[in-house]
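Everything on this sheet refers to the single structure shown next.
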Amino acid sequence: MKTFAFNGQPTHPTTEWLLNGMKDVFSKEGYSYLTAPEDNTNLVFNVIDRESPRPFRRKAQGTFVVSIAETNSSPEDIHKEAYPYLVRSLANHLMYIAHGDKETEVHFLTPEQGSYSLTFSTEEKENNVIERVFTRLEPLASSQLVIDNDFVEDLPEELWQGDHVTRSLKESGAKLDSMDLLPAPFPLEEVLSDRDIRHLKKLYGIGGLSYGNLSARKDNNHFWMSASGIDKGNMNDVGKDFLYITGYDDEKNTMKVSIPPQITPKRASVDAIEHWMIYKEHPEVGAIVHVHAWMDGIEATEFNYPCGTVELAEAVADIVSKSEDPSRTVVGLKNHGLTITGTSLEDIFERIEGKIIPQVPMQ
């Protein structure tokens, strides 16, 4: 049974109308409404105060939190103004509602810094607004995260210092940095308390937010990948910068990672499930690069599923499978960025040079 609940109270009649509409449509579509959030609630709409945004402290990874913040003016820079509220409220998604005299703007923001919006007449409150919001949120709220890691200290000793594959990853990470395709990590410590950072780390293993990743195949069953929350432009250490991915455990819903003994590893990138799925289905793929940038004339996913979900991995893998050459495909991740396959990292950079658009188009 899928459940949802509300936390906090809106201050504007239009936001109250939107939430009542969400209650009706989610109930109609098979979700059960809870008068108060419980430990394993699937979806929580958390209305926050912009002056003092309080997070909803979920008890389980499976709880998807949509924070809602209200303002009475249209934002000039939506990321600069609203993104900190998403982080401060520990949310999976943010609805930033800008109330105007004649129109209401609803901006949606994701942790990957994707954004999109819809606008409707404040007086008329168009009939399809609620359905449009539901269409945006429901696929995300029902997606399955794969972000836990199963670390095993069984990495062969000859790989403890890396190999030619990790050296190519190091060079490629520096290349991404030189192309200005590695945005600075979001400074969590500047907007979150120590307590909130500990909560994020406990729940998701998150120690920081950084963007972009890359991987390269080792053999038929294993691949090296950049770790999460690191400087991809300066990778050096096995187990901390480079992780040896050995598979996916569908029973535990974890990525399997082989590491050297007596090391405290970094968490695998949330995109590891996506890379694993592509490598598993396409032996000809030798490398994968993910960047928050764009290219013209590419096919893109229909929904902006969260990173680290089975649904995003399946959507990307499906486009790769249907492409003319799966080993050399560029896939757009809606409102997010690119996943690029290649026969090697060198092949990828040769194909994308001069074609990358730094700004991702938002829809």
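Dividing the mean sequence gap of close Cα pairs (under 8 Å, 6+ apart) by how many residues the chain holds gives a relative contact order of 13 percent. If R0 is taken as 41 Å, the Cβ-Cβ distance between Thr264 and Asp77 corresponds to a FRET efficiency of 0.60.
Quantify how much of the Cα-Cα distance distribution of the stretch 1-62 extends past 20 Å, in percent.
Of all Cα-Cα pairs in the stretch 1-62, 29 percent lie more than 20 Å apart.
Nearest 0.05, what FRET efficiency do Asn220 and Ser52 give at R0 = 56 Å with Cβ-Cβ as r?
E(calc), rounded to 0.05, equals 0.55.
If contacts are Cα pairs under 8 angstrom and at least 6 residues apart, what is the relative contact order of the stretch 244-309 in percent?
26 percent
For the stretch 148-352, taking Cα atoms only, Rg and Dmax work out to 16.1, 49 Å respectively. When you work out D = kT/(6 pi eta Rh) for the stretch 246-316 at 10 °C and 1.306 mPa s, using the Kirkwood radius from C-alpha pairs as Rh and the Stokes-Einstein form, the result is 113 µm²/s. Computed extension length for Arg195-Ser32: 55.5 nm, one decimal, from 0.36 nm per residue of separation with the Cα-Cα distance subtracted.
If both residues of a DSSP beta bridge must be in the chain, then about 60% of such bridges are antiparallel.
Give the calculated FRET efficiency between Thr11 and Lys125 to the nearest 0.05, with a Förster radius of 22 Å applied to their Cβ-Cβ distance. Before the final figure, lay out each step's value.
Values: r = 17 Å, r/R0 = 0.79.
The calculated FRET efficiency here is 0.80.
On a per residue basis, the convex hull of the C-alpha atoms belonging to the stretch 2-141 measures out at 101 Å³. Here is how the number arises for the chain: DSSP H runs of 4 or more residues each give -39500 (n - 2.57), the sum is divided by the residue count, and the result at 222 nm is -8500 deg cm²/dmol. In the distance distribution for the chain, Cα-Cα pairs more than 36 Å apart total 23 percent.
Translational diffusion of the stretch 230-363, estimated by Stokes-Einstein from the Kirkwood radius over alpha carbon pairs at 10 °C in a medium of 1.306 mPa s, is 101 µm² per second.
Here, the stretch 33-101 is characterised by an Rg to Rh ratio of 1.01, where Rg is the alpha-carbon radius of gyration and Rh the Kirkwood radius. Pairs with C-alpha atoms separated by more than 29 Å, drawn from the list Lys2/Lys322; Lys28/Lys59; Lys28/Lys252; Lys2/Lys232; Lys80/Lys232, are Lys2/Lys322; Lys28/Lys252; Lys2/Lys232.
Read-outs: derived from the displayed coordinates by stated rules, not from any lab. Note that this is a predicted model, so its numbers are computed, not measured. Neighbour counts are summed over all protein chains in view; Cβ atoms, including those assigned to glycine, are modelled from backbone coordinates with ideal geometry.
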